[in-house]
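To start, the structure under review is shown below, and the notes come after it.
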Amino acid sequence: QVQLVESGGGLVQAGDSLRLSCAASGRTFNSMGWFRQAPGKEREFVAAISRSGVSTIYADSVKGRFTISRDNAKSTGYLQMNSLKPEDTAVYYCAVSIHSIAARAGDYGYWGQGTQVTVSS
């Protein structure tokens, strides 16, 4: 079992920045990913990072604005979000996988409860 707790969400204005955190506990895992779900839409992939942190992948919609990272010593992952846009408004979820790196929600076995990010125009 892996327990994940996200934090750092909030209400910001367009152009602002936020950093989300995901604290993990329990068994070890390989990759960590971030997904988001806006009202009335399906959950979508945002970013993922390998266990070592060397490999990262991003959705095209956030590439160049968001940065994923992790601190294995603290068992914590991060999503730095810059130049936020109203279309980034969603509940953001972190998840962990046994795979080296993955972009499909089905490849992730454990999920956090989510944190709300709201970007006003």
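I'd like the residue in region 19-40 that is of a type in the set (K, R) and within 17 Å of D88 (Cα to Cα) and, out of all such residues, is least open to solvent (accessible area, probe 1.4 Å).
Within region 19-40, the first condition is being of a type in the set (K, R), and the residues that meet it are 19, 27, 36.
Restricting the remaining residues to those that are within 17 Å of D88 (Cα to Cα) gives 19, 36.
Details: R19: 130, R36: 13 Å².
Applying the filter and picking the extreme gives R36.
Quick test of your reading of the structure: R43 fulfils all but one of (1) open to solvent by 60 Å² or more (accessible area, probe 1.4 Å); (2) over 20 Å from A90 (Cβ atoms); (3) touching a residue at least 60 places away in the same chain (Cβ under 8 Å). Name the failing condition by number.
Result: R43 fails condition (2) only.
Go through (1) modelled with pLDDT of 95 or more; (2) loosely packed, with under 15 Cβ neighbours inside 10 Å; (3) assigned to a loop (DSSP other than H, G, I, E, B) and name the single condition V62 misses.
Evaluating V62 over (1) modelled with pLDDT of 95 or more; (2) loosely packed, with under 15 Cβ neighbours inside 10 Å; (3) assigned to a loop (DSSP other than H, G, I, E, B) leaves (2) as the failure.
What are the residues in region 102-117 that are open to solvent by less than 50 Å² (accessible area, probe 1.4 Å) and not in a loop (DSSP other than H, G, I, E, B), if any?
A105, D107, T115, V117
Restricting attention to region 4-48, which residues are part of a strand (DSSP E or B), more than 20 Å from G106 (Cβ to Cβ) and hydrophobic (A, V, I, L, M, F, W, C)?
The answer is V5, L11, V12, L18, L20, A23.
Which residues, taken from region 69-97, are loosely packed, with under 15 Cβ neighbours inside 10 Å and hydroxyl-bearing (S, T, Y)?
Matches in region 69-97: S83 only.
Working only within region 76-101, note down all residues that are within 14 Å of the chain's Cα centre (by Cα) and outside any strand (DSSP E or B).
N82, D88, T89, I101
The values are calculated or read from the model by the stated rules, or taken from the named source; none is laboratory data. As the structure is a prediction and not an experimental result, all values here were calculated from the model. A quick note on method: Cβ atoms are made from the backbone with ideal geometry, for glycine too, and the neighbour counts reach across all protein chains shown. Just so you know, the surface numbers come from the protein's heavy atoms only, side chains and all, with ligands and any DNA or RNA stripped out. Shrake-Rupley method; radii C 1.70, N 1.55, O 1.52, S 1.80 Å.
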